């Protein structure tokens, strides 16, 4: 049976710390908060995109500039845009800097203490005078006590800083999640979808397999709002979102595209298979019989229309969205509740 997870976590963090400081020395980079955060993230493996970018730096140049480090930090670690996120970034940088300072200070005190103790022990070994022995012994005890006290203070400070960093990381993760998650349905939002689509196109251009895009719209949604009210309309959106999510495969990307529209990225999926997926979704929604949970009032049958497009080499994100939108428009003009393939 291995050591407890908490001990493993501490050992792992200590090893990453050692590797990070060694890497900065190898690269001849100054030990700044931002440089340390970049290298620490590199060894922890939290962000594949950041690791790939840093690997490029390691191959192309011996050092990166302060501006380049700042750009990498903001793009991959914080992705800050709001004033609140900027303040959290600054606080995180400050805490990282404090930790580096304490580690360096501890290292320095250890070296000084070791030298002092070695000197005192040398005196002790070369003397038989009781007065000298007592004096040297008291010096050793005083030096050791000072070192132990300093070490305890550093450990307490490190523990406190670790707690603060964890809280800040949680806040940053929450802020990032809120930036890409739709508040009503809990699905990815349009911003998250745009990023995922850009990554999908880049992957195809790098030689990976193609993907398909589905854009779907709830038929006559305005009528639902007009008859039952916007609160019921929101419930319908949530219910449809849940049903769509249940049908997703592991690597599919589902998002609320806007209003009553949803978008789905189907990776490694040709157009014929994407059409089958779209039809299965359409039939699943058509079979739903929604009703008001409190009053039991039936909302009636809800249907969806879908446009389906497969990515064409070298086209832009706007191009595939436009083709898929046109297919969706044709589906709605053909009496709705149907799937249409893009040209």
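The values are calculated or read from the model by the stated rules, or taken from the named source; none is laboratory data. What you see is a predicted model, and the numbers here were worked out from it, not measured in a lab. Heads up, the Cβs are rebuilt from the backbone with ideal geometry, glycines too, and the neighbour counts pull from every protein chain shown.
For the reader, a short list of remarks on this structure follows.
- Residue count, region 182-193 (criterion: touching a helix residue (DSSP H, G or I) at 6+ places or on another chain (Cβ under 7 Å) and assigned to a helix (DSSP H, G or I)): 2
Conditions (1) outside the structural domain of residue 311 (by TED's automatic domain parsing); (2) more than 21 Å from the chain's Cα centre (by Cα); (3) surrounded by 13 or more Cβ atoms within 10 Å (Cβ to Cβ); (4) under 16 Å from residue 307 (Cα atoms), marked per residue:
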position	(1), (2), (3), (4)
207	no, yes, no, no
216	no, yes, yes, yes
221	no, yes, yes, no
227	no, yes, no, no
240	no, yes, yes, no
254	no, no, yes, yes
260	no, yes, yes, yes
271	no, yes, yes, yes
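- Residue 290 vs. criteria under 22 Å from residue 208 (Cα atoms), in contact (Cβ under 8 Å) with a residue 40 or more places away in the chain and in contact with a helix residue (DSSP H, G or I) (Cβ under 7 Å, 6 or more places away or on another chain): no
- Boolean, residue 312 is in a loop (DSSP other than H, G, I, E, B) and either under 12 Å from residue 217 (Cβ atoms) or not assigned by TED's automatic domain parsing to the domain that holds residue 249 (or both): no
- Region 315-343, residues that are in a loop (DSSP other than H, G, I, E, B) and in contact with a helix residue (DSSP H, G or I) (Cβ under 7 Å, 6 or more places away or on another chain): 337, 338, 342, 343
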